[in-house]
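Novice: Take a look at this one; I'll ask things after.
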Amino acid sequence: MQPPTPHPHLMFQQAALAHDQGRTWEAERLYQAVLAADARHSGALLRLGMLRLDQRRLADAEPLFRRAVRADKRSAEAHQLLGFTLTGLGQLDEAIRAYEKTIVLRPGLAEAHNNLGYALQLLGRSSEAMARYRKAIALRPDYHEAHNNLGNAHHIQGQSAKAIPHYQKAIEINPGYAEACWNLGTALRATGQFDDAAKAYAGAIAIRPDYAEAYNSLGNTLRALGRAEEAIAHYGKAIAIKPDDLEPHINLGDTLLGLNREDAAISSYDRALAIKPESADILSRRGDALVRLRRDADAIANFERALAIDPAHDFAFDGLARTALASCDWTRTVALRDEVAARVAAGRFVDAFAFLSYSNDPEQQLVCARRYIRQHVPERPPPLWRGGNWRNERIRIAYVACGFHDHPTAYLTAELIERHDRAGFEVIGISLGPDDQSDIRARLKTAFDRFYDVREMSDRDVAALIGELKIDIAIDRSGYTVNARPAIFAARPAPIQVNYVGFPGSLGADFYDYVIGDATVLPIEQQPFFSENIVHLPDCYLPNDSRRPDAAHMPTREEAGLPCHGFIFCCFNSSYKITPEIFDIWMRLLRQVSGSVLWLYADRSSAEVNLRQAAAAHGIDPARLVFARRMAQGDHLARHRLADLFLDTLPYNAHTTAADALWAGLPVVTCPGKSFAGRVASSLLRGIGMPELVTSDLGSYERLALRLALEPALLDDTRKRLQQNRLSQPLFDSDRYRRNLEAAYVTMWERWQRGDKPAGFAVTPHM
């Protein structure tokens with residue numbers, strides 16, 4: 001005889017006890033038995049549904065709660081749990097209706113108001129969500145989840161400062177609330193309070209030592225603070241806890257890449273790709289690391305694979321455009337030109353520096369620069385200088401640069417720094433770039449009154465340093481080049497901020513007051529294409545060093561890899577400046593000048609291969625292209641004397657390379673473009689009194705180069721006049737240049753002291 005079946009009410013009590021004691025399997029069996037006896041038993045339906053929620057089986061819980069609602073339409077708990085489950089399933093409109101029914105039945109149920117707010121927030125109805133969170137808090141002031149959610153609603157709306165006190169209140173109520181600590185850190189970071197953000201993330205980790213997301217966020221914050229090694233350690237902890245979480249792998253790769261550990265960065269990106277193989281974003285990052293290693297073919301393959309996955313991916317496209325340019329891959333650059341211009345016109349991201357080689361249009365360059373700075377500084381930090389003035393004993397200027405090492409601009413400006421009038425100026429160096437232990441870095445460190453190596457400092461801390469030093473004029477010597485950090489200037493640490501030398505174009509940002517040029521590189525009619533006010537120096541805007549080092553040994557042609565006889569055309573510009581149109585001219589010159597060779601700078605092996613192939617395609621023996629390797633500055637200047645004629649590029653001219661050639665007595669033939677970057681060699685030639693070497697168009701450029709190559713007397717006369725002019729004309733008169741530049745600084749300073757707004761002006765020549 002079978003024992004009698006227990007009454008459903010008794011079985012439900014047994015099931016609930018088993019459930020509360022964690023005996024899940026037994027509880028489930030008993031709930032099912034209750035429902036077999038009474039399919040409308042609302043208690044069993046609710047408790048079995050809750051058990052399914054604990055098991056994260058939302059799809060199985062939903063029909064149970066629906067049955068509970070049908071069994072007892074007056075059950076606020078059933079409506080509430082149905083709403084909760086529907087929210088988790090993404091059925092938000094129906095979830096909202098369930099919560100609204102809950103509130104009708106139990107208006108004082110704080111949880112229902114909070115949960116309704118969350119569903120509204122997921123639908124983007126933030127104002128309504130906030131009202132519900134506030135109602136929940138009014139009903140239950142110690143409701144820490146509602147305080148946290150109200151903070152989230154503010155943060156999502158971009159009101160991170162308003163979110164902070166709500167997170168703090170949630171933590172005050174529940175000190176063990178790890179998620180609120182994490183949210184607080186995120187809001188503090190969004191408002192630029194990085195040190196406090198790091199403490200908040202650390203607090204979340206102290207509560208939950210396995211909180212992978214907090215380790216990752218702490219890594220991001222430490223990285224922003226310039227504490228890269230600590231950031232790497234925290235990314236490693238996040239990965240150890242959640243090996244399949246994509247974000248810390250990517251962040252680790254980015255941090256390693258920022259430390260120039262390219263191989264390690266690629267390994268991190270590879271681990272990320274193992275998790276998400278079809279990620280255009282990761283492939284683009286991996287391509288950037290490969291470019292740093294000059295593995296250009298591999299980089300291009302990564303960028304193109306990324307674009308195959310996502311044709312609209314801006315950074316993959318930008319990487320492809322930059323790498324093709326640097327490697328003289330003209331099949332790609334010619335095909336990309338129109339799309340590069342179209343993307344810029346549409347407000348898409350393209351590297352502003354690379355764009356100078358794609359476009360000769362200053363208006364397009366301004367559009368590109370504006371988009372570039374929006375990408376790199378999406379939110380302007382609060383300004384450190386808020387108006388007003390002060391008077392230092394001397395005008396205090398700071399040159400902020402990533403090139404205070406073995407870098408072209410270091411050689412250009414070293415003597416200027418040494419010659420600055422210390423009676424009127426205090427001159428400070430802020431170094432963003434590497435310490436390569438080079439002679440030029442040592443010379444610069446000695447030249448400055450004070451020198452700060454700030455590589456390991458965050459942008460905000462560098463800006464704060466400039467503010468604490470009470471710098472009158474902060475000079476950005478890097479613009480948008482490698483290792484540049486425009487976010488420092490975005491914080492407005494100084495009353496006067498200047499774009500000078502590092503970037504030959506507008507920076508497109510309203511936190512730069514002036515750009516220094518001259519009438520040749522930057523005609524005043526180009527003011528509409530510059531966000532900065534144009535300042536004209538009277539001769540050439542580019543500084544020069546009359547104390548360039550001499551070589552210990554003058555090389556022979558054979559030592560330089562050049563033929564013993566024949567005309568030597570030369571161009572030591574970086575490969576990204578060489579265009580197919582210019583190269584066509586050079587190949588015609590080689591064809592017409594018997595025995596001549598073209599001497600180029602060995603910038604990238606990929607460019608060498610592509611240039612030799614291009615020469616062969618023109619019917620020119622690739623051996624007639626000779627590549628010069630990098631060497632010490634004095635030796636490099638000395639070998640210029642082996643060449644006969646320097647051929648310039650367009651749309652991006654020779655800058656430092658043209659100045660080096662002229663110093664060495666090597667004539668330069670140029671053709672000015674429409675924009676700043678394409679007019680520098682013209683300015684240099686006018687500054688040295690050789691305007692006849694500036695041609696009006698590429699046809700004239702080719703004819704003049706050919707004439708100089710075929711008429712030895714003309715070339716000899718040109719070289720003699722160049723040698724005579726080197727020390728008699730303004731270009732290499734460093735003290736004259738220094739006086740003119742200081743006059744510009746004084747005018748800027750005087751306008752600020754009077755309370756006048758920045759405005760363009762021309763410096764009266766100082767002889």
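Novice: Please give the helices (runs of 4 or more DSSP H) falling wholly within segment 238-323 in which 1 or more residues are crowded, with 23+ Cβ neighbours inside 10 Å and assigned by TED's automatic domain parsing to the domain that holds VAL344.
Specialist: Numbers: elements: 246-258, 262-275, 280-292, 296-309.
Filter on segment 238-323 gives 280-292, 296-309.
Novice: I've got another one for you. With respect to the numbered conditions (1) of a type in the set (A, V, I, L, M, F, W, C); (2) touching a helix residue (DSSP H, G or I) at 6+ places or on another chain (Cβ under 6 Å); (3) farther than 21 Å from GLY117 by Cα; (4) surrounded by fewer than 19 Cβ atoms within 10 Å (Cβ to Cβ), which one is the sole condition not fulfilled by ALA206?
Specialist: Of everything listed in (1) of a type in the set (A, V, I, L, M, F, W, C); (2) touching a helix residue (DSSP H, G or I) at 6+ places or on another chain (Cβ under 6 Å); (3) farther than 21 Å from GLY117 by Cα; (4) surrounded by fewer than 19 Cβ atoms within 10 Å (Cβ to Cβ), ALA206 misses just condition (2).
Novice: Out of (1) more than 31 Å from the chain's Cα centre (by Cα); (2) outside any strand (DSSP E or B); (3) not hydroxyl-bearing (Ser, Thr, Tyr), the odd one out for TRP599 is which?
Specialist: (2) is the only condition that TRP599 fails.
Novice: Please enumerate the residues belonging to segment 383-414 that are of a type in the set (D, E, K, R) and either assigned to a loop (DSSP other than H, G, I, E, B) or within 23 Å of the chain's Cα centre (by Cα) (or both). Step through it out loud before you land on a result.
Specialist: Pass one, segment 383-414, residues of a type in the set (D, E, K, R): 386, 391, 393-394, 396, 406.
Hits for segment 383-414 are ARG386, ARG391, GLU393, ARG394, ASP406.
Novice: Could you list, in sequence order, all residues of segment 670-696 that are among the hydrophobic types (A, V, I, L, M, F, W, C) and surrounded by fewer than 24 Cβ atoms within 10 Å (Cβ to Cβ)?
Specialist: Filtering segment 670-696 for residues among the hydrophobic types (A, V, I, L, M, F, W, C) gives 671, 676-677, 680-681, 684-685, 688, 690, 693-694.
The answer is MET690, VAL694.
Novice: Sticking with this structure for a sec: Considering every residue within segment 502-510, establish whether at least one is modelled with pLDDT under 95, surrounded by fewer than 24 Cβ atoms within 10 Å (Cβ to Cβ) and under 30 Å from the mean Cα position of the chain (by Cα). Talk me through it step by step, then tell me what you get.
Specialist: To start, the set of residues in segment 502-510 that are modelled with pLDDT under 95 comprises 502.
So of that shortlist, the ones also surrounded by fewer than 24 Cβ atoms within 10 Å (Cβ to Cβ) come out as 502.
If we keep only those that are under 30 Å from the mean Cα position of the chain (by Cα) too, we end up with 502.
Looking for residues that are modelled with pLDDT under 95, surrounded by fewer than 24 Cβ atoms within 10 Å (Cβ to Cβ) and under 30 Å from the mean Cα position of the chain (by Cα), one finds at least one in segment 502-510, hence yes.
Novice: Give me the residue from segment 376-418 that is surrounded by 13 or more Cβ atoms within 10 Å (Cβ to Cβ) and aromatic (Phe, Trp, Tyr) and, out of that set, nearest to LEU542 (Cα to Cα). Give the steps one after another, and end with the answer.
Specialist: Keep residues of segment 376-418 that are surrounded by 13 or more Cβ atoms within 10 Å (Cβ to Cβ), which gives 376-377, 380-381, 383-385, 392, 394-418.
Of the ones still in play, those that are also aromatic (Phe, Trp, Tyr) are 385, 399, 404, 411.
On the way: TRP385: 29, TYR399: 15, PHE404: 17, TYR411: 12 Å.
Per the stated criteria, the residue is TYR411.
Novice: Please list, ordered by first then second residue, the pairs with beta carbon atoms under 9 Å, 6 or more apart or interchain, first in segment 163-182 and not assigned by TED's automatic domain parsing to the domain that holds SER126 and of a type outside the set (A, V, I, L, M), second assigned to a helix (DSSP H, G or I) and modelled with pLDDT under 95.
Specialist: none
Novice: Something else now. Under 7 Å by Cβ, and 6 or more places apart or on different chains, what pairs join a residue from segment 406-431 that is in the same structural domain as ASN499 (by TED's automatic domain parsing) and closer than 18 Å to ASP545 by Cβ with one that is among the basic types (Lys, Arg) and modelled with pLDDT of 95 or more?
Specialist: Matching pairs, first to second residue: THR409/ARG477; ALA414/ARG443; LEU416/ARG738; ARG419/ARG738; HIS420/ARG738.
The values are calculated or read from the model by the stated rules, or taken from the named source; none is laboratory data. Computed from a predicted model, the values in this text were never measured in an experiment. For neighbour counting, all protein chains shown are included, and Cβ atoms are generated from backbone atoms with ideal geometry for every residue, glycine included.
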